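Here's the structure, in structure tokens; my notes come after.
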Amino acid sequence: MDELIVALDLDARVDALAIASRLGQYTGAFKVGSQLFVSEGPDVVRELVANGHRVFLDLKFHDIPNTVAGAVRAATRLGVWMLTVHATGGSRMLRAAAEAGTEEAHRLGRQPPLIVAVTVLTSLDADGLRDLGVAGDVPAGVARLASLAREAGVHGVVASPHELAPLRTSLGRDFVLVTPGIRPAGLLAAGDDQARAATPSEALAAGASYIVVGRPILRATDPVAAARRIVADAR
């Protein structure tokens, strides 16, 4: 299922590669985030790419434009398929990221990575935004940052399932919407740190381009069976 991205939120390279080998036929890509990247470095990305897997590098770059551009160039050289930056870095940073990915890919003779901007983390709700001193509700903040990202030339955004439908309507069919906070039916449990979650079928019906699933697969007794259930639920 091309729309399913499995989050390899693990410490060890050997475990990540083993999961990728077992789940490759059920998923369109694997996410490498801060936990695995800090533990194992860029070599785990190179190995996943060499093994034929698409890699979504989720390091959420957020810095001055020149620094982020350099990080995007480095990620492009690693061969990643998609990567994240923070929309709150502003239009200059977002534009620098988009231009760096395109320029480095052109130099290497390959497709540029998809660059998607993180809007509001799915662990945050309205109370969390107020704690940060951000006025307004979550949907308004997400919409504002998504419009900024599109105008700056990035390919899409990361947003929770709860904001998908209005974003898809306002931003069009070609804009990439990546959606974490996905939980299989029956697992939208109280106490989960994903404050704005949904099932796979709900997210895709609302307009998600890709759904990201980690713990419901990685912590399952049988990760393959868990992945199959998610694919079935999405159809």
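The values are calculated or read from the model by the stated rules, or taken from the named source; none is laboratory data. Predicted model only: the values in this text are computed from it and were never measured. Note that we place each Cβ from the backbone using ideal geometry, even for glycine, and neighbour counts take in every protein chain shown.
Annotations
- Any hit, segment 109-117, residues being free of Cβ contacts under 8 Å to residues at least 40 places away in the same chain and in a helix (DSSP H, G or I): no
- Long-range neighbours under 7 Å by Cβ, at least six apart or interchain, first residue surrounded by fewer than 17 Cβ atoms within 10 Å (Cβ to Cβ) within segment 72-99, second charged (D, E, K, R) and in a helix (DSSP H, G or I): ARG77/GLU104; SER91/GLU151
- Some residue of segment 15-29 being touching a Phe, Trp or Tyr at 6+ places or on another chain (Cβ under 7 Å) and over 20 Å from VAL176 (Cα atoms): yes
- Listed by position, the helices (runs of 4 or more DSSP H) enclosed by segment 15-106 include none that has at least 2 residues that are modelled with pLDDT under 95 and closer than 30 Å to ALA225 by Cβ.
- Taking segment 156-172 as the range and being outside any helix (DSSP H, G or I) and either at pLDDT 95 or above or among the hydrophobic types (A, V, I, L, M, F, W, C) (or both) as the test, the residues that pass are GLY156, VAL157, VAL158, ALA159.
- Residues satisfying the stated conditions in segment 157-175, i.e. under 10 Å from the mean Cα position of the chain (by Cα) and either farther than 11 Å from PRO139 by Cβ or among the hydroxyl-bearing types (Ser, Thr, Tyr) (or both): VAL157, VAL158
- Every listed requirement among (1) at pLDDT below 95; (2) farther than 21 Å from ASP63 by Cα; (3) of a type outside the set (Phe, Trp, Tyr); (4) not in a loop (DSSP other than H, G, I, E, B) is met by VAL142 save one, (2).
- Any hit, segment 59-80, residues being of a type in the set (Phe, Trp, Tyr) and either out of contact with any Pro (no Cβ under 9 Å at 6 or more places or on another chain) or more than 24 Å from GLN25 (Cα to Cα) (or both): yes
- Filtering segment 1-44 to residues that are more than 23 Å from HIS62 (Cα to Cα), of a type in the set (Lys, Arg) and buried (at least 17 other Cβ atoms within 10 Å of the Cβ) leaves only ARG13.
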